[in-house]
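Colleague: One structure follows; several queries about it will come next.
Only the coordinates and a few stated rules stand behind these numbers; no lab work does. Worth saying up front: this structure is predicted, and the values here are computed from it rather than measured. Using ideal geometry, Cβ is built from the backbone for each residue, glycine included, and neighbour counts are taken over all protein chains shown.
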Amino acid sequence: MKIFLALIITSIFLNATTLNIAVAANVSYAIKELQVAFEKEYPDIKCHIILGSSGKLTAQIEHGAPFHIFMSANMRYPERLYKNTNAITPPKVYAKGKIALLFLKEQKSLSLTALQNATIKRVAIANPKTAPYGVAAKEALTNAKLYKKLKPKFIYGESIAQTLSYTISAADAGIIAASALYSPKMHRFKEGKEWINIDTQYYEPIEQGIVILKSGAKMPAAQQFYDFILSKKAASIFLAYGYLPSE
């Protein structure tokens, strides 16, 4: 009986399809739940998740990394990949990301202007050159007429995940992905006490795009994952992690 069961398990493993999915760092907080839901629906497909900044993942794809799907933090990188034929599907928006302001030191008021306080010596933001969430942070601070004033305080993370790490370990405040604050590890930080969503009057919510890459062109599993991410089930998961709907 044990040999028989081992043969069945081995057969399932050998017949399973593995998808290599490049995922923008801001989605790291929601991707596990998305993966579980997808693999429950398609038990013969296993997802291998590769996290990183959208810019660096794009560079890896352009240099031949064997990814099948790319979930970017913006639309610009997927559009570039589609234009240069590294992607076979036009980019589609799967969610809209928001940025939030997290303070590690107690403040009388939670606002962008509070970043000017003398007690706030270091502010973590994502690098606008590599991370779309860094672009959004720069846009918000520029529109609030604070970017140049605060620039000497900045600590740059190469991805939004690294920015969160810097915010907690090396800064007094940080502009992070709102989705991070919905992860179990961040529940100790309370909205209105340590963090606020940054008003979208200061920046455009970030349209995040998905594409099937050239390596996934002949894989039905890639199309199934792509369709799942654009489904109502996935939309409900994204909503639970602080994203805005794609439409």
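Colleague: With ILE49, ILE69, ILE45, ILE61 as the choices, which residue is within 24 Å of MET186 (Cβ to Cβ) and of a type outside the set (Asp, Glu)?
Modeller: Numbers: ILE69 fails: within 24 Å of MET186 (Cβ to Cβ); ILE45 fails: within 24 Å of MET186 (Cβ to Cβ); ILE61 fails: within 24 Å of MET186 (Cβ to Cβ).
Result of the check over ILE49, ILE69, ILE45, ILE61: ILE49.
Colleague: Let me ask something else about it. Where residues in the range 202-219 are touching a residue at least 24 places away in the same chain (Cβ under 8 Å) and exposed (fewer than 14 other Cβ atoms within 10 Å of the Cβ), which of them is farthest from SER72 (Cα to Cα)? Give the steps one after another, and end with the answer.
Modeller: Kept after step one, since they are touching a residue at least 24 places away in the same chain (Cβ under 8 Å), are these residues of the range 202-219: 202-217, 219.
Within this subset, residues satisfying the condition of being exposed (fewer than 14 other Cβ atoms within 10 Å of the Cβ) are 204, 217.
On the way: GLU204: 16, ALA217: 18 Å.
Of everything passing the filter in the range 202-219, ALA217 is farthest from SER72 (Cα to Cα).
Colleague: I'd like the residue in the range 148-179 that is polar (S, T, N, Q) and either surrounded by fewer than 20 Cβ atoms within 10 Å (Cβ to Cβ) or within 13 Å of the chain's Cα centre (by Cα) (or both) and, out of all such residues, is farthest from GLY242 (Cα to Cα).
Modeller: Ranking the qualifying residues of the range 148-179, first place goes to SER169.
Colleague: Mind listing just one residue for me: the one in the range 105-147 that is of a type in the set (Val, Ile, Thr) and under 22 Å from the mean Cα position of the chain (by Cα) and, of those, surrounded by the most Cβ atoms within 10 Å (Cβ to Cβ)?
Modeller: Of all residues in the range 105-147, those of a type in the set (Val, Ile, Thr) come to 113, 119-120, 123, 125, 130, 135, 142.
Subset that is under 22 Å from the mean Cα position of the chain (by Cα): 123, 125, 130, 135.
Values: VAL123: 25, ILE125: 31, THR130: 20, VAL135: 20.
Top of the filtered list is ILE125.
Colleague: Residue by residue through the range 37-93, note down the ones that are surrounded by fewer than 22 Cβ atoms within 10 Å (Cβ to Cβ) and among the hydroxyl-bearing types (Ser, Thr, Tyr).
Modeller: Within the range 37-93, TYR42, TYR82, THR85, THR89 qualify.
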